[in-house]
Amino acid sequence: MRIIVCIKQVPKAQELQVDPVTQTLKRVGVPSEINPPDANALEIALTLKDRHPAEVVVLSMGPTSFDESLERAVAMGADRSVLLTDRILGGSDTVPTAYALSETIQKIGGYDLILTGEETTDASTGHVGPGIAGHLDLPQITYVSEVRIVDNTVRARRTAEDGTEWWQTNMPSLCTVNFGCNKPRSPTLTGKIRVKRGGVIVHWSCADVGIDPKKVGLLNSPTIVAKVDTIRLPPRAGRIFSGDAKESVRALLDALIRDRVVAP
Amino acid sequence: MERFDAIVVGAGPAGSSAALTLARKGFSTLLVERGRSPGVKGMFGGRIYSWALQDLLPDWAKDCPVERYVVRENMVFLTEDASLGISFDSTKLGQGRAASFTAVRAKFDGWLAKKAQDAGATLVTGIRVDDLWKEDGHVRGVMVAPNDRVGADVVVIAEGATSILTRAAGLKADLEPREVSVGVKETIELPAETIQERFGLGEKEGAAFVFAGQSSLGLRGGGFLYTNQSTISLGLVVSSEDLSRKKVEIQEVQNRFRLHPAVQRWIRGGKVVEYSAHLVPELGAGMMPRLWGDGVLVAGDAAGFLINNGYTFRGVDLAIASGIAAGEAANAARSAGSMRAANLAAYDRFLRASNVLTDLERFRRAPLYMKNERLFDVYPRMLMEIAERLYTVDGSGQQRLVDAVLEQAASADVPKLKMLLDLLQGARSM
């Protein structure tokens, strides 16, 4: 069985900074990590590999600085990784990204299961996983927190608004994985040695994969960012209720009820 | 399963020196470090005696991240409000094999680990090894998890003072409080020009201080101060037994030490930019584990290779020399046909060739002597009171030196015979 896990490298959540001038996320010079939901997807793949004979291939699209995350994925237990990296991909939104990744997955070939995170922590669209399934015409199960392989079918537990559902599909299929549904394992010594020995990452350009340059990049991305607003928190009133404890708590409660912060 | 000829655990001075030596001898070598990069978990007072580095890398001075070469040694006795110091200046202190220098471990360890990598060793960071893989008592490699083992013909343990693996290897019993001290260090930022002006130093020149007496609130231990390029390392090493017995917090001792006028004058206006603490093996040759077993060698702090004789604190030089000796021993054992303990026993010979064991044995009594509480409390006070008698001119009649000493000795609480014995014992062990 071949499992392909799509990951993205994102700025570390705790280190997020917004450029005060452009109002966009700073991506250069901040520490990065594997997009956390993607790390959860990788953990599901590695758990499946613990139970079944499987090869786990990690795929990403981006600059070569993404090697850091691909190396980490291999150190955690993935077998190998592919980075689609090409200047002409710069500025691609979710539409060209889903197209380019699906082309790359076809070039890797022989896949039985594709896993992605539910969304990225730096853009939060949730488009790319379903987009890949669309391009490859695969059955998909979104927002899953557990995947089992039973009799050559995929069974996944899906988080719905009012509970959980178990879905079953034939292979190949695609699942998008919930953020925080598991605890991604740490890199192993054996894994880190494999990374050091080299040869665990291949870089492909658009030409290598056969991606149509007219379908990728900023110009071929339909999303237009019209405006970015920063949320401004209302100033705090800063009222202090003092004096007798019972009375001041009563006064505080009355004020909160009056301001509709709590129900009477 | 991954395999190497040799695995070295810990990329501190001992580990990187062992890995460098092994790689040069043609061993495929894995160097494993638990910190994100070498040196981030390391801590020491601040000075390195260079002789062992000269043996390992004759060209070391070309690119070694030296902060300052020590050209002035100071020993200062403190009471609550007074100090008595001895200072030794010599440009010779900073030259040749006798040169010593101050350093910052994150830079120094990174530099040394890079040398090991350049020689062919594979460095892996961010992995903590806390078990050995053993078969019938013979060490076959390291084990991070049951399914994460890496094999090797020989494992060099250079894990530092906590020595978890050394104990796992059955080479050492659990640590006792009396065997370790607690070291604390503050890094205090000051402009390089201020340091040079204040200490009277040249651009690359540095000073080293050892403090005794009230530096440690009368607990057994002592203080140190080293000048780096634009920071000062100020710290204490205090008996952990005394800390717990007298229910004193090390931070409190460090605070009082920092606020002493004889310390303040050097660091005033500086900003504390880092605070660190570490265990320090204290009994020297007295607490040494077995240094080798089947397929395993122990080097550096893990082996208790530390000398504190009251006027010099040595650790990094012994670590480097023991790392070299471990590499040589593994090479000799390979030539002899196997990594069995009988062959690795050559380690002893290599350690003696670089005087590591001989020095440790010579100063074996020093740590015990240093554990004499009178040395940290009664005698510094006596010295200071003698100095006070000698230098006080207030019209009430000045004393001769000999009278001052005799009178002071007579008024002390310590019997004269005991004082004499302490003196003799001190002279022998130091």
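The values are calculated or read from the model by the stated rules, or taken from the named source; none is laboratory data. All values reported here derive from a predicted model rather than from experimental measurement. Neighbour counts run over all protein chains shown; Cβ positions are idealised from the backbone, glycine included. Heavy atoms of the whole protein, side chains included, go into the accessibility calculation; ligands, DNA and RNA do not. Shrake-Rupley method; radii C 1.70, N 1.55, O 1.52, S 1.80 Å.
Observations
- Test: residue in segment B:149-163 that is surrounded by fewer than 22 Cβ atoms within 10 Å (Cβ to Cβ), part of a strand (DSSP E or B) and within 14 Å of chain A (Cβ to nearest Cβ): yes
- Some residue of segment B:177-189 being more than 24 Å from B:Gly42 (Cα to Cα) and either open to solvent by 20 Å² or more (accessible area, probe 1.4 Å) or over 25 Å from the mean Cα position of the chain (by Cα) (or both): no
- Whether a residue is touching a residue at least 60 places away in the same chain (Cβ under 8 Å) and out of contact with any helix residue (DSSP H, G or I) (no Cβ under 9 Å at 6 or more places or on another chain) was assessed, and B:Val237 does not pass this test.
Yes or no, residue by residue, for (1) in contact (Cβ under 8 Å) with a residue 40 or more places away in the chain; (2) among the small types (Gly, Ala, Ser); (3) closer than 20 Å to B:Ala321 by Cα:
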site: B:Gly15; (1), (2), (3): yes, yes, yes
site: B:Ala23; (1), (2), (3): yes, yes, yes
site: B:Val71; (1), (2), (3): yes, no, no
site: B:Val76; (1), (2), (3): yes, no, no
site: B:Lys114; (1), (2), (3): no, no, yes
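- Contact map, segment B:299-315: residues that are farther than 17 Å from B:Val238 by Cα and modelled with pLDDT of 85 or more paired with residues that are crowded, with 24+ Cβ neighbours inside 10 Å and among the charged types (D, E, K, R), Cβ distance under 7 Å, separation 6+ or inter-chain. Pairs shown: B:Ala302/B:Glu159.
- Subset of segment A:200-240 [of a type in the set (Val, Ile, Thr) and away from every other protein chain (no Cβ under 14 Å)]: A:Ile201, A:Val202, A:Val209, A:Ile211, A:Val216, A:Thr223, A:Ile224, A:Val225, A:Val228, A:Thr230, A:Ile231, A:Ile240
- Among the helices (runs of 4 or more DSSP H) confined to segment A:58-140, there are none with at least 3 residues that are at positive phi, crowded, with 22+ Cβ neighbours inside 10 Å and free of Cβ contacts under 8 Å to residues at least 24 places away in the same chain.
- Every test in (1) open to solvent by less than 20 Å² (accessible area, probe 1.4 Å); (2) over 22 Å from the mean Cα position of the chain (by Cα); (3) away from chain A (no Cβ under 14 Å) is passed by B:Leu56 save one, and that test is (2).
- Leading residue by the ranking (most open to solvent (accessible area, probe 1.4 Å)) among those in segment B:1-30 that are part of a strand (DSSP E or B) and out of contact with any Gly (no Cβ under 6 Å at 6 or more places or on another chain): B:Asp5
- Against the numbered list (1) under 24 Å from B:Thr21 (Cβ atoms); (2) open to solvent by 20 Å² or more (accessible area, probe 1.4 Å), B:Asp81 comes up short only at (1).
- Test: residue in segment B:114-121 that is modelled with pLDDT of 95 or more, away from every other protein chain (no Cβ under 14 Å), farther than 30 Å from B:Phe313 by Cα and assigned to a strand (DSSP E or B): no
- Residue satisfying all of: in segment B:136-148; away from chain A (no Cβ under 14 Å) and in contact (Cβ under 8 Å) with a residue 12 or more places away in the chain; surrounded by the most Cβ atoms within 10 Å (Cβ to Cβ) among these: B:Val139
- Within segment A:44-56, the set of residues being surrounded by fewer than 23 Cβ atoms within 10 Å (Cβ to Cβ) and either among the polar types (S, T, N, Q) or within 24 Å of A:Gly180 (Cβ to Cβ) (or both) comprises A:Leu46, A:Thr47, A:Leu48, A:Lys49, A:Asp50, A:Arg51, A:Ala54.
- Among the conditions (1) at pLDDT 95 or above; (2) part of a loop (DSSP other than H, G, I, E, B); (3) buried (at least 23 other Cβ atoms within 10 Å of the Cβ); (4) away from chain A (no Cβ under 14 Å), the only one that B:Gly39 does not satisfy is (1).
- Segment A:181-199 - residue that is in a loop (DSSP other than H, G, I, E, B) and more than 18 Å from A:Ala39 (Cα to Cα) and, of those, nearest to the other protein chains (Cβ to nearest Cβ): A:Gly198
- Residue in segment B:252-265 that is farther than 21 Å from B:Ala82 by Cα and either open to solvent by less than 10 Å² (accessible area, probe 1.4 Å) or aliphatic (A, V, I, L, M) (or both) present: no
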